[in-house]
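Asker: Take this structure, written in structure tokens, and hold onto it; I'll ask about it next.
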Amino acid sequence: MDIQKLGAIVVSIVVLVGFILLSFLAMKPEAANVKYEIVLVLLGNWAAMAFAVVGYWVGSTISSKQKDDTIAASISEKKL
């Protein structure tokens, strides 16, 4: 497994776990002694990042990466 793929997996896990934790915090902000408005702003930002993570793994970004890898492999085969 290459370092870029591992990096994408780690970032995805961090973003999704953060989104889950902030979702629980939005339900009970008094438990962490924080202002509700701040939690909502953070939750909105993390929701956008979670959307990007899902878009990467399900959407066209990973397909584009696979296409680029296929093209690079075919070019290197032709050079040999």
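The values are calculated or read from the model by the stated rules, or taken from the named source; none is laboratory data. Computed from a prediction, not measured in an experiment: that's the story for all the values here. Don't worry about glycine lacking a Cβ; one is built from the backbone with ideal geometry, like all the others, and counts go over all protein chains shown. Areas reflect the complete protein model, heavy atoms only, side chains present, ligands, DNA and RNA absent. Shrake-Rupley method; radii C 1.70, N 1.55, O 1.52, S 1.80 Å.
Asker: Charges on Cβ only, +1 for Lys and Arg, -1 for Asp and Glu, centred on the Cα centroid of the chain; of 61, 8, 25, which one is farthest towards the dipole's positive end?
Answerer: 61
Asker: Compare the peptides 12-18, 53-59, 26-32 by average per-residue count of other Cβ atoms within 10 angstrom and give them in order, highest first.
Answerer: Order by mean packing, descending: 12-18, 53-59, 26-32.
Asker: Where in region 37-62 does the label zone of residue 8 land, with the point 7 angstrom along Cα→C-beta and an amide N cut-off under 15 Å?
Answerer: Under 15 Å, as judged by backbone N against the label point of residue 8, lie 52-62 of region 37-62.
Asker: What are the ³J(HN,Hα) couplings of region 11-27, residue after residue, when phi is run through the Karplus curve with 6.51, -1.76, 1.60 and θ = phi - 60°? Round to Hz, x for glycine and proline.
Answerer: 4, 4, 5, 4, 5, 5, 5, x, 4, 5, 5, 5, 5, 5, 5, 5, 6
Asker: Per DSSP H run of n ≥ 4, the term is -39500 (n - 2.57); total these for the chain, divide by its residue number, and report the mean residue ellipticity at 222 nm rounded to 500 deg cm²/dmol. Please report the intermediate quantities before stating the final value.
Answerer: Values: 3 runs with 68 residues, N = 80.
Result for the chain: -30000 deg cm²/dmol, rounded to the nearest 500.
Asker: For the chain, give the percent of accessible area contributed by carbon and sulfur heavy atoms, probe 1.4 Å, rounded to a whole number.
Answerer: 70
Asker: Against the globular-protein guess of 2.2 N^0.38 Å, express the Cα radius of gyration of the chain as a ratio, rounded to two decimals. List each step's numbers first, then the result.
Answerer: Working: Rg = 18.6 Å, N = 80, 2.2 N^0.38 = 11.6 Å.
Normalised Cα radius of gyration, the chain: 1.60.
Asker: A further question on this structure: Show me, bin by bin at 10 Å from 0, the whole-percent P(r) of region 19-59 based on Cα pairs.
Answerer: The distribution over region 19-59 is 32, 43, 19, 6, given as percents.
Asker: Please grab the % of Cα pairs in region 1-41 that end up more than 17 Å from each other. Numbers along the way, then the final one.
Answerer: Details: 361 of 820 pairs.
Beyond 17 Å sits 44 percent of the P(r) for region 1-41.
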